[in-house]
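For reference, the structure is listed below as structure tokens.
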Amino acid sequence: MNHSASSSVPPRRTRRIVPVGLAFLGLAGVAFVVRRPLMMSAPMCMAGRWHGCFDTFNGVLLITLATLPLAAPVAWALARRRRAAGVASAWRTSLAEVGMVHGTVPFLWMTMMPGSGAGVVPGRVSLVPLRDLVTMGPVGLAGNLLIFAALGFFAPMRFAALASVPRILALGAGCSVLVETAQYVLRLDRVSSVDDVLVNAAGAVLAALASRRWWRTTATVPSDRPRPTPAPAG
């Protein structure tokens, strides 16, 4: 009996389950903290009303949590298809893809929500570092840290080319610059601040450090391509 092969199964299963468990616990904690505001938006969301559901932070967060059970079957279907095709790390790749989308799109939606003066008030820019950081408050600071947290957590697990802190920092900062630029160009009645870019990038890096042990590096993950057969000697 091959004891080494049988003993390697539990660690592999643990590496698959732990990221999902951490993400679930994090969302459950957020839901517990903001449960009362979420229940205020529940009637509008259940009725399918745009106003009070899709145009509010509470409504978007409620939809994100409510659709979380749908993310698991999607990841399972992707992993099953990849395993049938013989792709290595099918589960990790599929979970990372679903996690990036499900954990990033809702925050981008909330970030791009127009203010009351959208289209009327001209774009505003704040380029002095750390000036707006004091006025963010705990809720604003936490929200800015979470915007690209899922991207920072799952991107290096999915793409080996992003498996480094400087690259995740550049990715988070670049995505944040695009969002701030869009807010200014579209005149959404929001302030395009350099502090938002700094905090968004910091959130991506912190999340990446939390998932560092599961990064998809070329040293630990075998290539999907078949290895060439060595030519016989002689």
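No lab work stands behind these numbers, since they all come straight from the coordinates. Only a predicted model underlies this, so the values are computations on that prediction, with no experimental measurement involved. Cβ coordinates were reconstructed from backbone atoms using ideal geometry, including for glycine residues, and neighbour counts include every protein chain displayed.
So how far apart, in nm, are the two label points at ARG213 and THR181 if each is 7 Å from Cα heading toward Cβ?
Placing both labels 7 Å along Cα→Cβ, they lie 3.9 nm apart.
Using a Förster distance of 22 Å, how high is the FRET efficiency between THR135 and TRP50, based on the Cβ-Cβ distance and rounded to 0.05?
According to the calculation, E is roughly 0.15.
I'd like to know which of LEU145, SER116, ALA66 lies farthest towards the positive end of the charge dipole of region 63-167, counting +1 on Cβ of Lys and Arg and -1 on Cβ of Asp and Glu.
Result: ALA66.
Say each of VAL128 and ALA77 gets a label point 7 Å from the Cα, pointing the same way as Cα to Cβ; how far apart are those two points in nm?
Once both label points are built, they end up 5.2 nm from each other.
Highest mean first, how do 113-125, 88-100, 163-175 rank when packing is the count of other Cβ atoms within 10 Å averaged over residues?
Values: 113-125: 12.0, 88-100: 21.2, 163-175: 17.7.
Going from most to least packed, we get 88-100, 163-175, 113-125.
Normalised radius of gyration for region 68-205, please: alpha carbon Rg relative to 2.2 N^0.38 Å, two decimal places.
So the Cα radius of gyration is 1.21 times the expected 2.2 N^0.38 Å.
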